[in-house]
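> Before we start, here is the structure in question, set down as C-alpha cells.
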Amino acid sequence: MTTRQQIVFFLVVFGFFFLFSCEGGRASTKADKVSQAPAWVNSPKKDSSYYYVVGYSEDVGPAESVQQKALQNAKGKIANVIFEEAEVEKVLESSGNLSGNEEISKNYRESIKSKSSVNLLGVETEDVYQEKSNDGGLDVYKIWVLAKISTKNLEKERTRILSEIKRKLALVDDNLNQAKGFAAEGKAIDAVNAYLKAAVSSTKVKERAEEFPIYISEAGKILEKMLIEAGENPPSADIGKGANFNFQIFYSGEKGKVPVGGAGINFSVRNNEGDYTKAAVSGENGVVLCKIKKLKQVRNDNTLYAKLALDFPEILNIGKDYQKYYSTLKDYVMKIAAASDFKTASAENRSIVNSVIAVLKTEGEQKLLPGLASEALSALISKGYKAVRFSDSLSLDDLTEGKQSALNVLLTKGIKRVLVLSVSIQEKPKYNETLGRYMGVYSISAQWLDTENGEILSAKNIKQNATASEESGVFDAFIKAASSQIAKMIE
C-alpha cells in the first residue's frame, strides 16, 4: 500500500468512527433527557396520609396556564375517585325520577362531576415537571403536576359532594313530583307548565343549569302521552245551518285515559271556508266543541281538524342555545291532533230547481252549446243542487238579456233559477309558433238569474285559452277546459 493510499484509508476510518461517536452522543443525550423525568410521572406516590394523582396537560404557553390545566386534570381524577364510590352511586340511583331516562341521568351525573372537580377543595401541588419545545416559533409545554389531597380532606370533600348531590336531587324531585301530581289528576297542561317553570327557573342559577334538560325531557313525556279523539260527529253538515262537532282530549297515564281539562284547542277546516269556532278550551271532562255555523261550498271531502294549542315562548326568551328544546316540545304538540271527515250539502239548493243554458255568441247570432250546458249540470248535481235540463225553444237573445218573457218560460216549467253561460270568441284559433299548436282565446260570462223577478243572484267572468294540434279541435279543447273552470265557480 502506498503512502497516499494509507492516508486515504486512515481518513475514511477516522471519519467512520467520528460519525459513530456523534450518533452515540445524540442517543445518549436523548436517553439522559428521558431519564430526567421524576419517577412519580409514571408512578404516583402512595402513603397513608395523602392520596396522590398525576395531572397532565400539553398546550402552547405560557407555562402557568398549562400548569393550571394540568392541576385541573388532577382534580378531575380525584373527583372520579369520589364518584366511583358506591355511596355516591347509591344516592344518584335513589332518585327514581332520574332512573327513567338513561341519557338524561348520565348527562346529569357528568355535569355534577365536572362542577365538583372545578370546586374541589384541599388539593395541593407537591411537585411539577415540564418539557418545553418549539413549534413554528411557539413555545409548547408538556406539564405534569403531582397533586395530593389529605385523606382527611378527601373524606371531607366526599361528604360535601354527597350533601350537595342530595340537596340538588331533592330540589329536582320536588319539582318533578309536583308536576307528576298534576298529571295523575289529569291536569296534564298544568304538569307541562310546572316542568316548563322549573326548567326556566333552573337557567337563572348557574349551579342548576344541568337540571334544564331533565325538566324538558319530563315535559316531553307528558305531551307524548296526550291524545285527542273525535267524538260521534255528524257525517254531513248543511252549509246554511251548520253542525256541532266534538272532540275529547286525554292523558294516558297509570290510571288509564284521564280527561284533560283546560286545554286550548285550535280548529281548522280543510277544503272549505266559513263561520265556525276557531279556538276553544276543553272542559273538566276533556270535551271541546266546535260549532260550524255556515260553510261556503257543497263538497264531499271536508275535514275538520282539532289540534292542541300550546306554545313555549319562555324557552325562546332564554336564548338561542335552547332553541333545540323548544323544537323538541313543539314536535310533540304537533302530533296531538285529531280529524273528523264530513260532507256538506244545502237544503236550499235541493229544494230549488235549477237549470243551465249555454250559448255561443258569434257575429250577429247565438247558438246553443249543449255540451257545455251538460257539463255544468253535472257540476251542479255533484254539489248538491237540484238541476234539470231544459230543451224547449225560447229566444236566446231575450234570455241572455234577462228579459222576463224568456224567464217566464222557464218558470212555468218549475225552474226557479237558471245559470246562463255566454261564450264569446276573443281570438280565433291560429297557429302559435312557440307552442307548435293552434290556440284560441275565449271569454265566459256566468250569471245566476232568479226566474221570478229577473234578479241577478251572482255574476262572474273568466277568460280561457285552449290549444289543439288541429284548428278544428281548439273549440272542443275549450269546452273541456271551460267545464273544469265552471265547476270551480259553482259554490
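Readers should treat all values here as calculations from the given coordinates under stated rules, not as data from a laboratory. Predicted model only: the values in this text are computed from it and were never measured. Positions of Cβ are generated from backbone atoms using ideal geometry, with glycine treated the same way; all protein chains shown enter the neighbour counts.
> Any idea how far apart THR159 and ARG350 come out in nm if each label point goes 7 Å out from Cα toward Cβ?
It works out to 8.6 nm between the two label points.
> By how many nm would the segment from ASN461 to LYS291 grow when fully extended, if each residue of separation counts as 0.36 nm and the alpha-carbon distance is taken off? Spell out each step's value before the answer.
Working: separation 170, 0.36 × 170 = 61.20 nm, distance 3.42 nm.
Fully extending the segment from ASN461 to LYS291 adds 57.8 nm.
> Now for a different question. So which of LYS343/LYS488; LYS383/LYS416; LYS75/LYS324; LYS255/LYS324 end up more than 22 Å apart, counting from Cα to Cα?
LYS75/LYS324; LYS255/LYS324
> Calculate log10 I(q)/I(0) of the range 224-345 for q = 0.15, 0.16, 0.19, 0.21 Å⁻¹, where I(q) comes from the Debye formula with a single equal point scatterer on each Cα and nothing for solvent.
Here the Debye-derived log intensity ratios amount to -0.72, -0.79, -0.98, -1.09.
> Moving on to the next point. Average projected area of the Cα convex hull of the range 348-489, in nm²?
For the range 348-489, the mean projected area of the Cα convex hull comes to 8.5 nm².
> What GluC sites (Glu not before Pro) in the range 390-455 are in a loop by DSSP, with at most 14 other Cβ atoms within 10 Å of the Cβ?
Answer in residue order: GLU401, GLU433, GLU452, GLU455.
> Here is a follow-up. Using the basic label-point model (7 angstrom from Cα toward the beta carbon), what is the SER268 to ASN246 distance in nanometres?
2.6
> Let me ask you something else. Could you please rank TRP448, TRP144, placing first whichever residue has the fewest other Cβ atoms within 10 Å of its Cβ?
Fewest-to-most ranking of TRP448, TRP144: TRP448, TRP144.
> Among the GluC sites (Glu not before Pro) in the range 285-385, which ones are in a DSSP loop with at most 14 other Cβ atoms within 10 Å of the Cβ? Mind listing them?
Numbers: sites: GLU314, GLU348, GLU363, GLU365, GLU375; in loops: GLU363.
Answer in residue order: GLU363.
> Still on this structure: Say each of ALA339 and ASP135 gets a label point 7 Å from the Cα, pointing the same way as Cα to Cβ; how far apart are those two points in nm?
Each label point lies 7 Å from its Cα, and together they span 5.9 nm.
> Shifting gears a bit: Given H placed 1.01 Å from N in the peptide plane, which residues other than close sequence neighbours of ARG437 have an amide H under 5 Å from its amide H?
Amide H neighbours of ARG437, under 5 Å, 5+ apart: ASN432.
> In what order do TYR325, TYR195, TYR50 fall by count of nearby beta-carbon atoms within 10 Å, going from fewest to most?
Neighbour counts put them in this order, fewest first: TYR50, TYR325, TYR195.
> Work out how much length SER236 to LYS324 would gain on full extension: take 0.36 nm times their residue separation and subtract the Cα-Cα distance, in nm to one decimal.
Fully extending the segment from SER236 to LYS324 adds 27.5 nm.
> For the range 348-489, with only Lys/Arg (+1) and Asp/Glu (-1) charged at the beta-carbon, what is the dipole magnitude about the Cα centre, in debye rounded to 20?
Roughly 500 debye for the range 348-489.
> Which FRET efficiency value, to the nearest 0.05, do you get for TRP40 and LYS197 by plugging their Cβ-Cβ distance into 1/(1 + (r/R0)^6) with R0 = 41 Å?
E(calc), rounded to 0.05, equals 0.20.
> Under a Cβ-only charge scheme (Lys and Arg +1, Asp and Glu -1), can you give me the dipole magnitude of the range 224-345 about the Cα centre, in debye to the nearest 20? Walk me through the intermediate numbers first.
Details: 17 positive and 14 negative charges, 64 e Å.
It comes to approximately 300 debye.
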